[in-house]
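Report on the structure given below.
Each reported figure results from applying straightforward, stated rules to the coordinates on display, with no laboratory input. It should be emphasised that the depicted structure is a prediction, and the values quoted were computed from it without experimental measurement. Cβ placement follows ideal geometry from the backbone for every residue including glycine, while neighbour counts extend to all protein chains displayed.
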Amino acid sequence: MGPGGVGRPVALIALIALGWFGLGLVVANSYYQLMLTLVPIWAVLGLAWNISSGYTGLVSFGHAAFFGLGAYTVTIALIRFGLTPWLGIPLAMAVGALAGAVIGYPTFRLRGHYFALAMLAYPLALLYIFTWLGYQEVSLPREQQAPGWYMQFGDFRVYIALALGLMAGAMLISLALERSRFGLSLLAIKQNEPAAEAAGIDTLAWKMKAIVLSGALAAAAGGLYAVVLLVVTPDSVFGILTSAQALIVTLFGGVGTLWGPVIGAAILIPLSETLQAELGDVLPGIQGVVFGVAIIAVILLAPEGVFWHLRDRLQRRRAPPPAPPFTTPVLPPTPPAVAGAGLVVKDLAKSFGGLRAVQAVSFTVEPGAILGIIGPNGAGKTTLFNLLNGFLRPDRGAISFAGREIGGLKPNRICRLGIGRTFQVVRAFPRMTVLQNVLVGAYVAAPREADATAAATEALARVGLAARAQDLAAGLSTRDLRLMELARALAGRPRLLLMDEPLAGLGAGAVEDLLAVIRSLSAAGLTIVIIEHTMGAMVRLAHRFLVLDHGSVLAGGSPREVMADPAVIEAYLGKKWAAIRA
């Protein structure tokens, strides 16, 4: 994944296709020739499912909708209009892409099992619609004249070649996706959607692009499936088993990689088809048993699939490199803040039912300043941050930055206006490298890949993590995860940085490392708003304090003034300690 050479995977794709076709040349049994054709077709459906679900993490139980629409488009176009499948399959891809857009826009507003169940409803509805329309069983007519023009061949090896060509094309598309900002953005959405949104990724737009592409590929697989079998029924193309096979071959082989669906299809389809041929009359439904056992085995033995299980085992055998020592941050100067480009908050309020989490909060942050927001647990500090960068919509009040009203905008739009964000609990993309994690943040300010890579590399240098650029994020210490998340926010070249408890969970040495980075950023002109409970560090760091208690502003001013305020002492330590102090 990510930028890099593609020669080796392309060569491997070609080798797989040639090897499979070579197997087809020596197989004479017509049933096994059909099986050799179906494996690449199911692999394509798995690759299509992988693009919209494997890379985004939103499980779809309804890819049979696109598969079936492709099959019926090719079939009806041939029967009603005499359109050759050579043109019918591209038409089916257009229908699948359109269906992806129509299905995706409302359904992506759902989350978790609601999304999965909604996706399941679409093929079931289409099954009944096509049955009601009278397409219970439709056969493609045999064309005696120019059969090749109608994709009807006497030699079944031609169908194997066509299926392999479609599979190779789908694999190349997946490979290009994996190595582009498209794929990296989808993986970021899968691993931590709020972090991706906060980094400037328009998550709905990317998911829509994914399901449109996925629908087109699934429809192409369905169209070729109809040509190969010469008969289409609603149950065979819209049935639950069709969606289940797309999902299971990908889960078995490995989600989020182009190799997963191919591995799953190459193992499960021959196994299920062979058992069906040999034992189907004795054990009806043996295919479903195979897929059921496969999914149980994967859940128990390799939850992320065969590919990732094998890759992780190989990597564990290699001794991990020692963590490099912290290096002094490299600090290219930040452009000076323009006059009036500060943050202005007026009368901000947010309630959750009867709980007033934030009420009547007003403050101003001057350009280049460090504002420390403090307060006891439950004071509303994180809720305030979520209002500032768009994860929550305010009930009342106004938020402006650089003279522009930003209250109620989506997080990705606020990020594009120059506001970066780190989180109380680090939101990393664990299966990406450190550089890829930071690249996700760089995309918001860099339209070209080279510019994004340069911005990400510079951000890593600024926080002292340049030596760990190629390490997986999952292997980082808490300190390095904090620094990496900070680098991701900096890669978007923000003018204002919101930091939510960046010192949480750090030892004394790591705290000093992070404080050194934050001071260097402030010295370069970056405006910073920081929530933190480590008061000793905050007193040394912040120019001004804002104290929240029960969602309201309790005090504000210089650290010395605030720490001596009796109301602040009482809020933190209680009335008894405040009386002793007095």
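Among 171-183, 504-516, what's the highest-first ranking by average C-beta atoms within 10 angstrom per residue?
Ranking, from highest mean packing down: 171-183, 504-516.
Here the Karplus curve 6.51 cos²θ - 1.76 cosθ + 1.60, taken at θ = phi - 60°, turns the phi angles of the range 149-162 into couplings of 5, 9, 6, 10, 10, x, 9, 5, 5, 5, 5, 4, 5, 5 Hz, with x standing for Gly and Pro. Relative protection proxy for 534-545, 227-238, from highest mean packing down: 227-238, 534-545 (other beta-carbon atoms within 10 angstrom).
Pairs from the table (Lys350/Lys410; Lys190/Lys381; Lys190/Lys410) lying more than 20 angstrom apart at Cα are Lys190/Lys381. Computed on the chain, with alpha-carbon pairs under 8 angstrom and 6+ residues apart, the relative contact order is 16 percent. Computed extension gain for Ala516 through Ser180, at 0.36 nm per residue and net of the alpha carbon distance, reaches 117.6 nm. If R0 is 25 Å, the Cβ-Cβ spacing of Leu279 and Arg157 corresponds to a FRET efficiency of close to 0.35. Straightening the chain between Arg448 and Asp395 buys 15.2 nm, computed as 0.36 nm per residue apart minus the Cα-Cα spacing. The amide H of Asp549, built 1.01 Å from its N in the peptide plane, has Leu554 as neighbours under 5 Å, considering only residues 5 or more places off or on other chains. Taking each DSSP H run with n ≥ 4 as -39500 (n - 2.57) and averaging over every residue of the chain yields -18500 deg cm²/dmol at 222 nm.
Applying 0.36 nm per residue to the separation of Gln315 and Ser477 and subtracting their alpha-carbon distance, the gain on full extension is 56.5 nm.
Seen against the Cα atoms of the chain and their longest principal axis, helix 259-279 is set at about 40 degrees. A protection proxy built from the mean count of other Cβ atoms within 10 Å ranks the segments 358-369, 104-115, most packed first, as 358-369, 104-115. The relative contact order of the range 7-239, computed from alpha carbon pairs under 8 Å that lie at least 6 residues apart in sequence, is 43 percent. Our analysis of the range 7-239 gives Rg over Rh at 1.00, with the two radii drawn from alpha carbon positions and Rh computed by the Kirkwood formula. Using C-alpha pairs under 8 Å with a sequence gap of at least 6, the mean separation divided by the residue count of the range 336-493 gives a relative contact order of 20 percent.
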